[in-house]
Amino acid sequence: MTSATSNNSEYPGWRHLASGKVRELFVPEDGDSSKMLLVASNRISAFDHILEPEIPGKGALLTQLSNWWFKQIQLPNHLLQENAPEPIATRAMIVKQLKMLPVECVVRGAITGSGYQEYLRTGAVCGITLPAGLSDGDLLPEPIYTPAYKAPQGEHDENITYEQSVALVGPELAAQLRDRSLEIFAAAAARARQAGIILADTKFEFGVDPATGALTLADEVLTSDSSRYWDAAVYEAGTGKDRLASFDKQIVRNWLLKNWDQTGTPPELPAEIVTQTLERYRELFTKLTGENAPV
Ligand code: ATP
Ligand code: MG
């Protein structure tokens, strides 16, 4: 996140605090530190770069999908029942301002992406040894918890072992993060499967409510930015990487892998990649929720 230098904002009553890669963060102008306004932009990031151009409508899709998942998950979450300012109501959340924990709670039901690269090098992910001979995209015998250290602004998040997460947040919180993450993942994966979708992996962020001390689910949940989702029918009919029909950022990552050597500024995304990504994000929303997409 980068800190803003000015404290004016376009939303009355809110002062701009910081910019994440995807979200703009605001706090109440009157100094109330109990809440925060999180506004999801249409920016898309991959390999730690913010890309050009934006994906129109993406902010609303992520926000509305998070809101839907928050309702399905039986755990305290950061949403406050307050309406965000009108021009951005569909892509903003008013939330409890939490003390965020520096652990990204990643759960993997399948092995792919950076986890697969780590497995190829070491036979393990975050210290968890996996069966030999797995291919990219294989489902794991059971979901695994593979935490990452949420690096401060400008640095790369890095995979850590469970023991390292204990060193960061203490044994009790570390165990809660792992157990809650695995529980939410299992319930969400079952729900997605009913909709013909495989939840391959995802990342949760938790914080502690300073008022009550309660461990609270925060940020975005189970969106196509924070998760990998695959079409179950295609997965079952296919082999190798052809099985992986993604409803997520993988479309963009794959295009970048083919068209960029990962040095310097990434190239601009072509119009058809923008359209395809938006289309897949919309399809995911509709398939999971059974509702019309907000854009
Ligand atoms: P970074 O912040 O490192 O750029 P990011 O690109 O994932 O990461 P965004 O999603 O753009 O960030 O911004 C959301 C930010 O808000 C994250 O840093 C997240 O940890 C933080 N956040 C989410 N929910 C809360 C909350 N309830 N209280 C405080 N901070 C929160
Ligand atoms: Mg984020």
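The values are calculated or read from the model by the stated rules, or taken from the named source; none is laboratory data. All figures in this text were calculated on a predicted structure; none of them were measured in a lab. Positions of Cβ are backbone-derived with ideal geometry, glycine not excepted, and every protein chain shown enters the neighbour counts. For the accessible areas, the whole protein counts, side chains as well, though only heavy atoms, and no ligand, DNA or RNA atoms are used. Shrake-Rupley method; radii C 1.70, N 1.55, O 1.52, S 1.80 Å.
What region 14-96 shows is 43 Å² of accessible area per residue, with the surface traced by a 1.4 Å probe over protein heavy atoms. Using the Karplus relation 6.51 cos²θ - 1.76 cosθ + 1.60 with θ = phi - 60°, the per-residue 3J(HN,Hα) values for region 23-37 come to 10, 9, 10, 10, 10, x, 5, 7, x, 4, 9, 8, 9, 7, 10 Hz, with x marking Gly and Pro.
Over all alpha-carbon pairs in the chain, figure out the percentage whose distance exceeds 28 Å. Within the chain, distances greater than 28 Å cover 37 percent of Cα pairs.
Over 24 Å between C-alpha atoms is what I'm after, so list which of K150/K258; K21/K287; K99/K150; K35/K150; K58/K241 land there. Exceeds cut-off: K150/K258; K21/K287; K58/K241. Between Y229, Y11, Y145, the GNM of the chain built on Cα springs shorter than 10 angstrom shows Y11 fluctuating the most. Taken along the Cα-to-beta-carbon direction at a fixed 7 Å, the label points for R253 and T161 span 2.5 nm. Subtracting the Cα-Cα distance of T275 and A211 from their residue separation scaled by 0.36 nm leaves 18.7 nm.
Computed across region 99-261, the Kirkwood hydrodynamic radius from all distinct Cα-Cα pairs reaches 16.6 Å.
Of all aspartates and glutamates in the structure, the ones whose alpha carbon falls short of 16 Å from that of K249, not counting any fewer than 8 places away in one chain, are D48, E52, E54, D201, E220, D225, D231, E268, E272, E279, E283. Placing R0 at 30 angstrom, the Cβ-Cβ distance between N83 and A237 gives a FRET efficiency of 0.10 after rounding to 0.05.
Model label sites at R191 and T286, defined 7 Å from Cα along the beta-carbon direction, differ in position by 2.1 nm.
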